[in-house]
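All remarks here apply to the structure that follows.
The values are calculated or read from the model by the stated rules, or taken from the named source; none is laboratory data. Because the structure is predicted, anything quoted here is derived from the model rather than measured. Backbone-built Cβ (ideal geometry, glycine too); neighbour counts: all protein chains shown. Heads up: the accessible areas ignore ligands, DNA and RNA and are worked out on the full protein's heavy atoms, side chains in. Shrake-Rupley method; radii C 1.70, N 1.55, O 1.52, S 1.80 Å.
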Amino acid sequence: MELELDAALREWRDTVRRFADQRLRPTRREREAAHATPLAVIRELAALGLLGVNVPTALGGSARGPLAYVLAVREVAEADAAVAVTMAVSNMVAEVITRFGSEAQKTAFVPRITGGEMIGGAFALSEAGAGSDPGGMTTRAERRGERWLVNGEKLWITTGDGSDAIVLWARTGGPGPKGISCFLLDGRRPGFAAGKPEEKMGLWASHTVSLTFSDVELAGDALLGELGGGFKIAMMALDGGRIGVAAQALGIAYGALARVRELLTRPTAHQALAHEQGVQFQLADVATELEAAWLLVLRAAWLKGQNRPFSREAAMAKVMATESANRAVRVCVEIAGGLGYLEDEVTARALRDCRVTQIYEGTSEIQRLVISRDVLRGAHA
Ligand code: CAA
């Protein structure tokens, strides 16, 4: 048993860390102020192979596997969590198409995502009344001769307004999960409307929009995977996505912790606090919880890389990482005091950006549901 990264993974992590430190960290304030991530930044991610970390090189990915993916998300999130979410959704969409798409869909869409030709892929699953329960969605796709006619509205879609590759879920049959199919559409085609970007508590440089479909026609070959097979595709994609969100949350928290360490160990007004046992104990608990969560993330990613079941481990990693990361950033703001509350401070930004990790790609309650169902089935790791 080996609990250390091998040389190739260490080298990869260091490469991403250098990129994050040199290219993302110094400019994140500009992106926050602009409430956008420019295409130039996406292209830099693409050049490093960060938009298809688990996608074959033949489709423009870097094929480095799930462990490399979580290492990269953590590094990018530590520097800029909004860029990390764009990267994460692009990877998720590229992987879904790679796994379930036809040859034509793969070659038409995946290299465009991995090559950074758009702001990000989009994962159009949630609706106003179907967030935690996507099986209850009402968006419909009806067969009209050779084509599909889509009507409905999707909500909370990351980069829904900047994506040429939209994976869309719609009802093609009766009620419940089995009546749902998955489609792949080109975001450049006219016919559907993206709403104004939501004004969010955090992740300002990442757009979150609604998508409205009103009698939108799709070609017959827009179906992704099998008719009625859409729900399972969403679940499988989210299993992988959840490991990424867990890594994102930890990146944010480690960033806040690094800032607090800087305040406590350099000649600042905070330095004396480092000698207070109350502060030391808080730091110890934060560091221990984050480390435990990171090990769960690595384990879930490793299982995925071995092509073994990992739904439960991904849910455990997400709930543990996002909840401990949120606790950690609250402690960091507290230790940093008034300074830590300033809008441009790492700790304040971490507090804003981290909260959503307990919400998107399945809330903490959903992760607990996934884990407890597995426990009740008597499954063991
Ligand atoms: N992998 C493969 N198949 C799965 C699966 C998985 N992880 N989970 C469930 N399934 C299958 C089941 O086996 C079942 O198939 P059969 O009927 O053939 O046995 C089918 O799917 C239905 O499963 P359930 O009965 O368990 O479905 P459910 O309606 O009870 O839902 C749930 C289960 C886990 C609660 C699910 O609804 C869920 O994950 N909800 C949260 C949704 C979510 O995470 N949304 C995030 C939005 S996307 C986003 O945030 C992206 C972004 O932009 C950042």
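May I ask which residue of Ala79, Ser126, Leu24 lies farthest towards the positive end of the charge dipole of the chain, with charges of +1 (Lys, Arg) and -1 (Asp, Glu) on Cβ and the Cα centre as origin?
Going by the charge dipole, the pick is Ser126.
About its Cα centre, how strong a charge dipole does the chain have in debye, to the nearest 20, once Lys and Arg get +1 and Asp and Glu get -1 at the Cβ?
440 debye
Which peptide among 250-263, 270-283, 289-302, 126-139 comes first, and what is the full order, when sorted by highest mean count of other Cβ atoms within 10 Å?
Per-residue mean Cβ counts within 10 Å order the peptides as 250-263, 289-302, 126-139, 270-283.
Hey, any idea what % of the chain's accessible area is carbon plus sulfur with a 1.4 Å probe?
55 percent
Pairing the Cα long axis of helix 364-376 with the longest principal axis of the chain, what angle in degrees results, from 0 to 90 and rounded to the nearest 10?
Its long axis makes an angle of about 80 degrees.
Might you tell me the accessible area per residue for the chain, computed with a 1.4 Å probe and given in Å²?
44 Å²
For a bin width of 20 Å, list the pair-distance distribution of the chain built from all Cα-Cα distances, rounded to whole %.
Reading the bins upward from 0: 29, 58, 12, 1.
For the cross-link pairs Lys154/Lys178; Lys200/Lys232; Lys154/Lys200, which exceed 23 Å when the distance is taken from alpha carbon to alpha carbon?
Lys200/Lys232
Mind telling me which of Gly160, Gly202, Gly173 comes out most flexible in a GNM of the chain, alpha-carbon contacts under 10 Å?
Gly173
Mind telling me which of Val70, Val41, Val83 comes out most flexible in a GNM of the chain, alpha-carbon contacts under 10 Å?
Val41
Could you work out the local net charge near Glu78, counting Lys and Arg as +1, Asp and Glu as -1, over the other residues with Cβ closer than 12 Å to its Cβ?
Charge balance near Glu78 sits at +3.
Projecting each Cα onto the charge dipole of the chain (Lys/Arg +1, Asp/Glu -1 at the beta carbon, about the Cα centre), which of Leu263, Cys354, Thr322 comes out farthest on the positive side?
Of the candidates, Thr322 comes out farthest on the positive side.
Under the definition of Cα pairs under 8 Å and six or more residues apart, what whole-number percent is the relative contact order of the chain?
16 percent
In sequence order, what are the phi-derived ³J(HN,Hα) couplings for segment 342-353 according to the Karplus relation 6.51 cos²θ - 1.76 cosθ + 1.60 with θ = phi - 60°, rounded to whole Hz, with x for glycine and proline?
With coefficients 6.51, -1.76 and 1.60, one gets 5, 4, 8, 7, 4, 5, 5, 4, 4, 4, 5, 6 Hz.
Taking the Cβ-Cβ separation of Gln22 and Thr212 as r and a Förster radius of 35 Å, what is the calculated FRET efficiency to the nearest 0.05?
After rounding to 0.05, the efficiency reads 0.30.
For the pair Asp14 and Asp285, what calculated FRET efficiency results from E = 1/(1 + (r/R0)^6), where r is the Cβ-Cβ distance and R0 = 41 Å, to the nearest 0.05?
0.90
Express the relative contact order of segment 167-298 as a whole percentage, based on alpha carbon pairs under 8 Å and six or more residues apart in sequence.
21 percent
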